[in-house]
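Every read-out reported here was derived from the displayed coordinates using simple, explicitly stated rules and does not represent laboratory data. Everything numeric here is computed off the predicted structure, so don't read it as measured data. Here Cβ is always computed from backbone atoms with ideal geometry, including for glycine, and neighbour counts include all displayed protein chains.
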Amino acid sequence: MPRMTIAEIEQLMDTSFPDWRNFSSIKALGEQDITLEMPFRRELLRAGGTISGPALMALADTAAYFVTLAHAGPVASAATANLDIHFLSRPQPAPIRAVATMLRLGRRLSVSRVDLFSAAMLVAHATVTYALPPS
């Protein structure tokens, strides 16, 4: 079960990273997952009219961070230890939805899976590990 609510995560982010709302918004929080949406912006496009890989990686990392916060509590200093992403198909120039699912939460590491969707199509899959600060 999550230890933080959407409102608590948003408050922590507003305090620690005030510009976060320019990039994505939290849409839902479940027992093991969190859903974010990155709105479409022209500056996210790359040649060929598709959303850039770095933008998708940033969204995957953000979703993994938020699911880590939800389950580990307010550990703003948690840091990405590993991010492995597989681009599966070209996303359309549209909002991207990220669903991060907590796979394992330990004392020192958090591991999550992040699926990225453009419309209803799965466009990328990531596994993200976060290092948690000592308590």
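Every condition in (1) surrounded by 13 or more Cβ atoms within 10 Å (Cβ to Cβ); (2) closer than 22 Å to Pro133 by Cα holds for Phe23 except the one numbered (2).
For region 32-49, the criterion of being buried (at least 19 other Cβ atoms within 10 Å of the Cβ) and among the charged types (D, E, K, R) is satisfied by at least one residue. Within region 76-96, the set of residues being crowded, with 18+ Cβ neighbours inside 10 Å and under 27 Å from Ala7 (Cβ atoms) comprises Ala78, Ile96.
Which of (1) in contact (Cβ under 8 Å) with a residue 24 or more places away in the chain; (2) surrounded by 15 or more Cβ atoms within 10 Å (Cβ to Cβ); (3) of a type outside the set (S, T, N, Q) does Glu10 not meet, given it meets every other one? Condition not satisfied by Glu10: (1).
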